[in-house]
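Take a look at the structure below.
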Number of protein chains: 2
Amino acid sequence: MSAKITDQDTEQLIKDTAKRVFFGEGRFNATTQEIADAAGVNRTLINYYFRSRNNLFDIVFQDAQEQEHNILEEIVFADISFKEKISRNLDAFFEQSKKYPYLEIYMVTQMNQGNCYKDKEHMNLLLDKFYLEVALEMERGNIHKMRPEQFVLNFVSLMSFPVSMRPLLQETMGFTKESYDTLLEERKDVIMNTLFIK
Amino acid sequence: MSAKITDQDTEQLIKDTAKRVFFGEGRFNATTQEIADAAGVNRTLINYYFRSRNNLFDIVFQDAQEQEHNILEEIVFADISFKEKISRNLDAFFEQSKKYPYLEIYMVTQMNQGNCYKDKEHMNLLLDKFYLEVALEMERGNIHKMRPEQFVLNFVSLMSFPVSMRPLLQETMGFTKESYDTLLEERKDVIMNTLFIK
DNA sequence: ATTGTGTTTAACAAAATTGTCAATAAATTT
DNA sequence: AAATTTATTGACAATTTTGTTAAACACAAT
């Protein structure tokens with residue numbers, strides 16, 4: 001009647017595992033065998049449910065897009081102040097990044113292999129609305145004046161980069177796992193202070 | 001006597017081509033055949049010069065590290081003001097990013113596959129020196145106060161992210177190739193204004 | 001019990017990718 | 001020019017990865 005209680009629904013299990021392997025662990029060229037092993041299922045079930053490896057990859061890619069979309073959408077249409085929107089977006093992002101730190105990088109690697117983004121129309125609507133708010137906030141003197149697109153770039157860069165590039169940054173900058181975690185926790189305040197004029 | 005004039009030196013050609021394919025085009029799991037084709041050489045020459053595919057990948061990875069190192073080193077030890085260092089680093093970065101936009105992402109994907117960063121000692125020396133300068137600049141009131149590590153994160157994030165993630169950002173934000181190029185050109189000023197207090 | 005449906009499995013086939021090796025070609029040294 | 005080394009090639013073998021198929025299994029409906 002209701003959704004299955006047990007860990008059945010192998011199809012979903014495989015998809016979730018693939019997401020974990022890609023977005024969570026950053027193993028972008030995992031084989032079907034590796035994914036099957038990680039899910040604890042027979043490899044051929046991937047073919048049974050998804051026909052081909054490529055198809056699974058495509059489906060997971062689409063899911064990643066929606067995930068991105070949804071986070072943004074919730075923020076943009078919320079009935080809260082601009083600053084509060086940014087603040088909540090940061091919270092939402094850092095929360096999901098614990099589970100899926102490599103989501104953005106995964107999308108880039110996929111797009112470099114020919115996969116392309118869908119539903120640009122809708123995203124543009126969201127962005128245009130957001131740009132208006134950004135511009136208004138500049139008028140009010142709460143953030144520095146620049147093209148709204150540049151503000152968005154600043155925002156996503158400051159937020160995303162330290163998460164996406166963690167393996168590189170943690171190593172090169174000589175952090176331990178723990179000290180880098182601390183750094184990330186402090187990041188929300190740093191970003192707010194960087195984006196907004198005191 | 002001197003270095004070969006012609007485009008000989010197949011070994012170097014293969015290495016350069018691999019770099020172009022990886023850092024330049026972002027095709028991180030190119031096959032040996034694809035690399036050989038891109039270089040216009042017989043595939044087995046990759047085995048002849050580099051023994052195995054893995055070995056080539058490792059060597060290219062090391063090269064990427066050195067490249068990163070060198071850019072940073074030149075800046076940190078230059079005899080110029082702090083602001084000028086940041087400015088020149090931005091120039092150097094945006095210059096190399098035209099050729100190798102995916103250098104950083106490549107390193108992350110490699111590190112997620114078990115490859116690890118070498119020469120951390122030296123990098124730490126560079127960074128420690130740089131942190132001191134950052135701290136001093138905060139005292140002087142030229143940049144906002146925060147942990148120097150956070151300033152470095154801000155800096156590299158603002159600089160690197162829009163380049164690394166270009167395929168994703170350009171698509172989702174609805175830019176053309178040209179308009180995104182313009183955006184990147186404007187970025188140096190935006191970043192300087194974001195990092196430094198007027 | 002049997003039939004039917006959907007799921008899972010192992011064995012196999014096919015395809016793709018890498019690595020080896022001996023033969024050839026080119027270049028250098030003697 | 002002959003000999004020697006180095007570079008290049010094609011044919012082949014080995015390996016890895018993917019996809020297919022038929023049989024086994026589970027389980028509900030008849």
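The values are calculated or read from the model by the stated rules, or taken from the named source; none is laboratory data. Bear in mind that the values here come from a model prediction, so they are computed numbers and not experimental data. Reconstructed Cβ throughout: ideal geometry from the backbone, glycine too, with neighbour counts over all protein chains shown. Accessible surface areas use protein heavy atoms only, side chains included; no ligands, DNA or RNA. Shrake-Rupley method; radii C 1.70, N 1.55, O 1.52, S 1.80 Å.
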- Task: Run the accessible area of the protein assembly as shown with a 1.4 Å probe and give the carbon-and-sulfur part as a rounded percent.
- Result: 49 percent
- Message: Over the Cα atoms, compute the radius of gyration (one decimal) and Dmax (the largest Cα-Cα distance, rounded to a whole number) for the stretch A:26-111, in Å.
- Response: 16.4, 51
- How big is the C-alpha Rg of the stretch B:150-198 next to the rule-of-thumb value 2.2 N^0.38 Å, as a ratio? 1.22
- May I ask which of A:Lys188/B:Lys118; A:Lys85/A:Lys118; B:Lys15/B:Lys98; B:Lys83/B:Lys145 have a Cα-Cα span longer than 21 Å here? A:Lys188/B:Lys118; A:Lys85/A:Lys118
- Message: On the Cα set of the stretch B:121-170, report Rg and Dmax in Å, please.
- Response: 13.6, 39
- Item | Inter-chain Cβ neighbour average for residues A:145-158, partner chain, 10 Å | 6
- Inter-copy label distances at A:Gly141 (7 Å, Cα→Cβ; nm, one decimal): 1.9
- Message: Just to confirm the numbers: B:Lys129, label point 7 angstrom along the Cα-Cβ line, distances to the other copies in nm, shortest first?
- Response: 5.1
- Given the convex hull over the Cα atoms of the stretch A:95-198, what projected area results after averaging over all orientations, in nm²? 8.3 nm²
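Sort A:105-112, B:188-195, B:70-77 by packing, meaning the average of other beta carbons within 10 Å per residue, with the highest value first. Please report the intermediate quantities before stating the final value.
Values: A:105-112: 22.5, B:188-195: 17.6, B:70-77: 15.2.
Ranked from most to least packed, the peptides come out as A:105-112, B:188-195, B:70-77.
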- Message: Ratio of alpha-carbon Rg to the 2.2 N^0.38 Å globular estimate for the protein assembly as shown, to two decimals, please.
- Response: 1.04
- With a 1.4 Å probe on protein heavy atoms only, work out how much accessible surface A and B bury together, total over both chains, in Å² to the nearest 100. 4600 Å²
- Can you work out the PRE-style zone for B:Phe77? Point 7 Å along Cα to Cβ, and I want the residues of the stretch B:127-164 with backbone N under 14 Å. B:127, B:129-130
- Item | For B:Arg166, solvent-accessible area (1.4 Å; no DNA, RNA or ligand), Å² | 50 Å²
- Mean accessible surface per residue for chain B, computed with a 1.4 Å probe while every protein chain stays in place, in Å²: 49 Å²
- Message: Taking every pair of distinct Cα atoms and averaging 1/r, then inverting, what Kirkwood hydrodynamic radius in Å comes out for the stretch B:10-195?
- Response: 18.2 Å
- Which whole number gives the average count of other chain Cβ atoms within 10 Å of the Cβ atoms across peptide A:114-127? 2
